[in-house]
């Protein structure tokens with residue numbers, strides 16, 4: 001049995017407000033906040049008590065843990081996990097690695113977050129790649145819609161596993177099969193899924209998957225995960241300039257290597273033998289990795305089936321209550337098409353929707369407003385720290401406010 005009250009006790013922010021915007025920025029658990037404070041304290045102390053060797057090892061422990069927890073989350077190997085600042089960086093690393101030639105095409109849909117389209121149109125503008133757009137029908141797109149636009153020049157399927165605007169969840173197994181069938185790359189933006197809805201990549205042909213950790217993974221510390229499938233790592237090369245630590249670590253370690261009198265700027269080291277070769281930041285993410293490791297450990301410690309059941313049950317309740325009030329709901333009702341996002345349209349004009357959220361904020365209730373391609377309105381994020389009482393408070397407040405608007 002999922003105990004939401006026990007979970008809420010671990011999230012200080014969940015008891016101070018009705019927080020319904022994990023699709024924007026998630027609330028970190030107490031363990032992640034503690035881990036970040038400990039990392040900051042370690043930096044503040046410096047090596048005086050430990051010496052450099054032990055100090056640097058301690059600084060790197062959170063990075064190792066975060067990589068292992070990220071691999072556990074996706075049921076892949078740590079060698080397939082790299083770190084990124086955010087989803088944007090991950091998408092750009094992925095698209096830069098794909099060997100496009102003029103006349104190739106990318107297929108995506110018109111519900112995507114604008115950054116996904118920005119990454120695609122960059123390839124269009126600079127590499128002569130065509131961008132083909134699947135058009136939604138009342139907030140829905142299907143695998144068949146994508147298949148209709150694929151031809152022998154399709155190089156990439158670019159999809160979000162959960163759409164940011166209405167929470168539509170796509171079947172990655174079907175997209176994996178489609179990419180396999182047409183011998184094209186599959187790049188996935190999973191930021192609106194990871195942490196709320198389980199995702200097992202072990203049996204899928206997903207080539208790259210990017211997810212900043214600041215949303216449903218509850219780690220708003222400037223870090224995220226980039227998965228690069230083992231089978232594709234040897235097929236592509238990093239297309240962006242990589243960071244120093246994307247090189248294979250010297251046998252004697254970095255401290256001794258960088259202290260060699262014979263060192264020049266032109267290092268004769270090969271790239272790292274795993275996903276780290278795609279990392280483009282120059283320094284390890286000490287503080288961010290500490291928060292990420294703790295947040296991922298928290299997620300991995302939960303019963304994922306119970307988490308999904310909790311989120312789906314609350315979504316069922318909210319959708320039913322909204323429809324009972326005659327409010328248009330853009331989120332599909334079928335559980336297999338849903339995630340933690342429920343988007344509704346309380347008013348046909350956006351101005352009144354914005355005024356509604358302003359009034360809700362005055363009562364410390366925090367959903368948000370989002371629109372894309374004619375879909376949108378009030379977006380409510382239901383996470384595992386969300387309670388039924390949160391949704392009841394939202395609905396009661398909406399009933400009173402909407403009468404005045």
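Note on the range 224-264: among residues that are part of a loop (DSSP other than H, G, I, E, B) and farther than 27 Å from residue 286 by Cβ, the one that is nearest to the chain's Cα centre (by Cα) is 229. Taken as a whole, the structure places residue 8 among residues that are in a helix (DSSP H, G or I) and surrounded by 17 or more Cβ atoms within 10 Å (Cβ to Cβ). Among the numbered conditions (1) loosely packed, with under 15 Cβ neighbours inside 10 Å; (2) in the same structural domain as residue 245 (by TED's automatic domain parsing); (3) part of a helix (DSSP H, G or I), the only one that residue 58 does not meet is (1).
Those strands (runs of 3 or more DSSP E) of the range 127-206 in which at least 3 residues are under 21 Å from the mean Cα position of the chain (by Cα) and crowded, with 20+ Cβ neighbours inside 10 Å, considering only elements entirely within it, cover 154-160, 185-189. Could you list, in sequence order, the residues of the range 288-330 that are surrounded by fewer than 17 Cβ atoms within 10 Å (Cβ to Cβ), assigned to a helix (DSSP H, G or I) and touching a strand residue (DSSP E or B) at 6+ places or on another chain (Cβ under 7 Å)? Result: 323, single match. Applying the criterion of being over 28 Å from the mean Cα position of the chain (by Cα) and in contact (Cβ under 8 Å) with a residue 24 or more places away in the chain to the residues of the range 44-59, the residue that is nearest to residue 218 (Cα to Cα) is 56.
The single condition among (1) in contact with a strand residue (DSSP E or B) (Cβ under 7 Å, 6 or more places away or on another chain); (2) assigned by TED's automatic domain parsing to the domain that holds residue 288; (3) closer than 26 Å to residue 338 by Cα that residue 27 does not meet is (2). The conditions of being free of Cβ contacts under 8 Å to residues at least 60 places away in the same chain, surrounded by fewer than 14 Cβ atoms within 10 Å (Cβ to Cβ) and on the phi > 0 side of the Ramachandran plot are met by residue 253. Pairs are defined by a Cβ separation below 6 Å, a sequence spacing of at least 6 or placement on different chains, a first member in the range 75-95 that is closer than 20 Å to residue 112 by Cα, and a second member that is part of a helix (DSSP H, G or I); the pairs so defined are 88/115; 91/119; 92/119; 93/278; 95/119; 95/123.
State whether one or more residues within the range 311-322 are at pLDDT 95 or above and within 26 Å of residue 76 (Cα to Cα). Within the range 311-322, one or more residues are at pLDDT 95 or above and within 26 Å of residue 76 (Cα to Cα).
The values are calculated or read from the model by the stated rules, or taken from the named source; none is laboratory data. In this text, all values refer to a predicted model and were calculated from it rather than measured experimentally. Ideal geometry is used to build each Cβ from the backbone, glycine not excepted, and the neighbour counts take in all protein chains shown.
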